[in-house]
Amino acid sequence: MKRNFFIIAVLSGALLTCHPGFAQEEEVVLEEVNQDDLGNVTDEFQEQFFEALKQKGIENYEKALTALEECLKLEPNNPVVYFEMARNYNELKKYEQAINSLEKAQELAPERDDVLNELYKSYTRAEQYDNAVRTLKKLLVVDSSYKEKLANIYLMNQQYDEALQTIDELDQQEGPSTYRNKLRRQIFARTGDTAAQIDNLEESISNNPENEQNYLNLIYIYSDQGDNEKAYNTAQELLNTNPGSTLVHLALYKFHLEREEPDDAVSSMKIVFESEEIDPESKFKVLNDFLLFVDNNPEYEDDLMQVSKMLSERENAPKLYGQLGKYYLNRGQIEEALNFFEAGLAESTEDFELVKNTILLQIELEKYKEARDLSKEMLEVFPAQPILFLLQGIALNQLQEYNEAIEILTFGLDYLIDNPRLEVDFYTQLSGAHKELGEEEKSAEFARKAEELIKEID
């Protein structure tokens, strides 16, 4: 069979686009619900309950709710049923019904943190922020990671002082992060009284010059106002006060770039990448700027190689690997790109784009066994992504495993919704597989379907 030259087009987003409804924001429900969660139930209950899970898995939320209603008739006080009903109501954006179901689930099982977690999200979607805050405070008792979400809800509820206090507490505990810096900037922008904020921060710096966060907050405000000179001077003041600060280089590298001081900018970037205080998300942002800088200043490519090696040794951040992979891909260095993509996947399989890009490049480089095996493994993580079925079918066809290709491609067609271009690729692969098996009639049938769709698209 001919090689498939559409791979790079897919990678750049020009061709295969998965239906947005299939975004894998959460794990598969079938894997989340244990048999023990259901209690002692009848076979009829189990049949209806797992029918509901199946229908939710293929996005038939109304049918899932119908099955769950049948479950309630059999087990009216089962909290898991109410919990699953709420999840379906949320998918349908029926937030009040979701809240009612979750409150009932909480009443029946007050100790379940997953119910509280879904409840705070539902309150937020329904813009019931006071209730969301109260629920998050309950979750904080068992898991401190909810504190950042609490800061965000405070912001949404216009409780700016509480939001800033929570953000500052988190920065003291964990160091600054890109996400919290964005929250802080939003608060400053919404409150509008920047003069009072500047006075407050300058007084705080005077009283406690060792506190880096006050300098950083002041730098953010000056930068948002467009006063880059004052922002730069504040960064220099922090560096003079605390020469060992690595956090200040999150601001300094940008100033050096703007002031056309490339060597100083690269030095600051390297300090950022070496720092254990700076979170991977912030490093990811700096890496983006570094890649753009090297594109325009190729003489610094050796420094990029050094940074790439440093990151692969220090960080377990798939996003960093993914971005480096895209950089090499854009330069036509496909094997180097694949190396970084695979390194990212070795750390985490939760990034669907990284998964897709890796398999696409494996096929492009004719590593069909690797593509077959990885796509099979990733279908267990992302079972509703039609492109994974297609890519596995392509790999199987190239390995001359035509019957297996037909089986997986036929199954994958069931997950397609309003994506005619992807459907054409499925039909093309099915036509080729049947042709190789000598099934000319079936091959012609799928070829005809593909041609008809292409005419409709054009």
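The values are calculated or read from the model by the stated rules, or taken from the named source; none is laboratory data. Just so it is clear, the model here is predicted, and its values are computed rather than measured. Cβ sites come from the backbone with ideal geometry, for glycine too, and all protein chains shown count toward neighbours.
A few notes on this one:
- Options Ala105, Ala151: the member that is among the hydrophobic types (A, V, I, L, M, F, W, C), modelled with pLDDT of 85 or more, over 28 Å from Leu53 (Cα atoms) and in a helix (DSSP H, G or I): Ala151
- In the range 323-337, the residues that are over 21 Å from Lys283 (Cα atoms) and in a helix (DSSP H, G or I): Ile334, Glu335
- Test for Val133: is it touching a Pro at 6+ places or on another chain (Cβ under 8 Å), part of a helix (DSSP H, G or I) and surrounded by 19 or more Cβ atoms within 10 Å (Cβ to Cβ): no
- The listed residue being outside the structural domain of Leu379 (by TED's automatic domain parsing), surrounded by 16 or more Cβ atoms within 10 Å (Cβ to Cβ) and without any contact (Cβ under 8 Å) to a residue 40 or more places away in the chain, out of Glu75, Glu84, Glu69, Glu62: Glu75
- Only one of the numbered conditions (1) in contact (Cβ under 8 Å) with a residue 12 or more places away in the chain; (2) in a helix (DSSP H, G or I); (3) more than 17 Å from the chain's Cα centre (by Cα) is violated by Asp373, and that is (1).
- When Leu92 is tested against the conditions (1) modelled with pLDDT under 90; (2) surrounded by fewer than 16 Cβ atoms within 10 Å (Cβ to Cβ); (3) closer than 29 Å to Lys56 by Cα, the lone failure is (1).
- With respect to being surrounded by 17 or more Cβ atoms within 10 Å (Cβ to Cβ) and out of contact with any Cys (no Cβ under 8 Å at 6 or more places or on another chain), Leu292 falls outside the description.
- When each of Glu353, Glu347, Glu342, Glu407 is tested for being free of Cβ contacts under 8 Å to residues at least 24 places away in the same chain, under 30 Å from Lys309 (Cα atoms) and of a type outside the set (Lys, Arg), the lone residue that passes is Glu342.
- Scanning the range 327-341 for residues being modelled with pLDDT of 85 or more and crowded, with 19+ Cβ neighbours inside 10 Å gives a total of 5.
- No other residue among Leu388, Leu396 is under 24 Å from Ile334 (Cα atoms), buried (at least 24 other Cβ atoms within 10 Å of the Cβ) and over 28 Å from the mean Cα position of the chain (by Cα) apart from Leu396.
- Check on Asp303, under 17 Å from the mean Cα position of the chain (by Cα) and either without any contact (Cβ under 8 Å) to a residue 24 or more places away in the chain or not assigned by TED's automatic domain parsing to the domain that holds Pro383 (or both): no
- Checking Ile387, Ile394, Ile417 one by one, the residue that is among the hydrophobic types (A, V, I, L, M, F, W, C), in a helix (DSSP H, G or I) and within 26 Å of Lys54 (Cβ to Cβ) is Ile387 and no other.
- Flag if Asp114 is assigned to a helix (DSSP H, G or I), at pLDDT below 90 and surrounded by fewer than 19 Cβ atoms within 10 Å (Cβ to Cβ): yes
- Where a residue in the range 107-128 is free of Cβ contacts under 8 Å to residues at least 40 places away in the same chain and its partner, wherever it lies, is outside any helix (DSSP H, G or I), with Cβ under 7 Å and at least six apart: Leu108/Asn77; Asp113/Val142; Val115/Ala109
- Here is the figure for the range 342-364: residues that are more than 17 Å from Leu379 (Cα to Cα) and at pLDDT below 90 total 3.
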